[in-house]
1. Six or more apart or on different chains, Cβ atoms under 8 Å: show the pairs whose first residue is in the stretch 44-57 and without any contact (Cβ under 8 Å) to a residue 60 or more places away in the chain and whose second is open to solvent by less than 60 Å² (accessible area, probe 1.4 Å).
2. State which residue pairs qualify: first residue without any contact (Cβ under 8 Å) to a residue 40 or more places away in the chain and within 18 Å of residue 58 (Cα to Cα) and inside the stretch 129-154, second residue part of a loop (DSSP other than H, G, I, E, B) and open to solvent by 50 Å² or more (accessible area, probe 1.4 Å) in any location, beta carbons under 7 Å apart, and separation of 6 or more residues or different chains.
3. Out of curiosity, is residue 115 without any contact (Cβ under 8 Å) to a residue 60 or more places away in the chain and not small (Gly, Ala, Ser)?
4. Considering (1) farther than 25 Å from residue 145 by Cα; (2) modelled with pLDDT under 90; (3) surrounded by 12 or more Cβ atoms within 10 Å (Cβ to Cβ), say which one residue 128 fails and leave the rest.
5. Anything in the stretch 25-42 that is within 19 Å of residue 124 (Cβ to Cβ) and of a type outside the set (A, V, I, L, M)? List them, or say none.
6. Here are 148, 106: which of them is open to solvent by 50 Å² or more (accessible area, probe 1.4 Å) and more than 18 Å from the chain's Cα centre (by Cα)?
7. Among the residues of the stretch 1-58 satisfying the criterion of being of a type in the set (A, V, I, L, M, F, W, C), in a loop (DSSP other than H, G, I, E, B) and modelled with pLDDT under 90, which is nearest to residue 135 (Cα to Cα)?
8. Please work out which one of (1) surrounded by fewer than 16 Cβ atoms within 10 Å (Cβ to Cβ); (2) at pLDDT below 90; (3) within 15 Å of residue 141 (Cα to Cα) is the condition residue 80 fails and give its number.
Amino acid sequence: MATARDYRQRRRSRRDRHGRGLRGTLYPATLPAAASRAERFDALVLDALEPIEARWRHELTKLDVAVDDVPEVRENGKAPSDGVLHDGAVPLSRLVPAGVDRTGLPTRARIVLYRRPLEARAKDPSELADLVHDVLVEQVAGYLGVEPDVIEGE
């Protein structure tokens, strides 16, 4: 049985106090403008990874690629520095080697791209796409132990 309080809470979640809030979504979900910045960045990473994965499919079967908003900073103020690709003092990505987690289960190697630092360094979407591609090439080369030119196919 619905009470008046339940009705008010449902109504409040959709509109503001005076009924002037948004009535619905601004764009239909099928349009690109409906995607958030994080969703657009994820799609950009997948697009940049596709040609690399097509060429090195068998060597990358045990590698995951992840996106994080910002780099992790430890309590002592220092971030982990092993496998990190820097631009000055700011980490852009990190290669985490395979290992064992706290519970004793094996983990896969992964490349973590940091979205906010990468977006801050790009002036436009095409420059961001190039930067993401370059960072992925550098990290995959580090994972495989080869030069970045080999990953590109040059």
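The values are calculated or read from the model by the stated rules, or taken from the named source; none is laboratory data. Keep in mind it's a predicted model, so treat the numbers as computed, not measured. Please note: Cβ atoms are built from the backbone with ideal geometry, for glycine as well, and neighbour counts cover all protein chains shown. Areas reflect the complete protein model, heavy atoms only, side chains present, ligands, DNA and RNA absent. Shrake-Rupley method; radii C 1.70, N 1.55, O 1.52, S 1.80 Å.
1. Listed by first residue and then by second, the contacts come to 53/60.
2. If the second residue must be part of a loop (DSSP other than H, G, I, E, B) and open to solvent by 50 Å² or more (accessible area, probe 1.4 Å), the pairs left are 141/147.
3. For residue 115, the condition - without any contact (Cβ under 8 Å) to a residue 60 or more places away in the chain and not small (Gly, Ala, Ser) - is not met.
4. If we test residue 128 against (1) farther than 25 Å from residue 145 by Cα; (2) modelled with pLDDT under 90; (3) surrounded by 12 or more Cβ atoms within 10 Å (Cβ to Cβ), just (2) comes out false.
5. If the condition is that a residue be within 19 Å of residue 124 (Cβ to Cβ) and of a type outside the set (A, V, I, L, M), then 32, 36, 37, 39, 40, 41, 42 are the ones that fit.
6. 106
7. 35
8. It is condition (3) that residue 80 fails.
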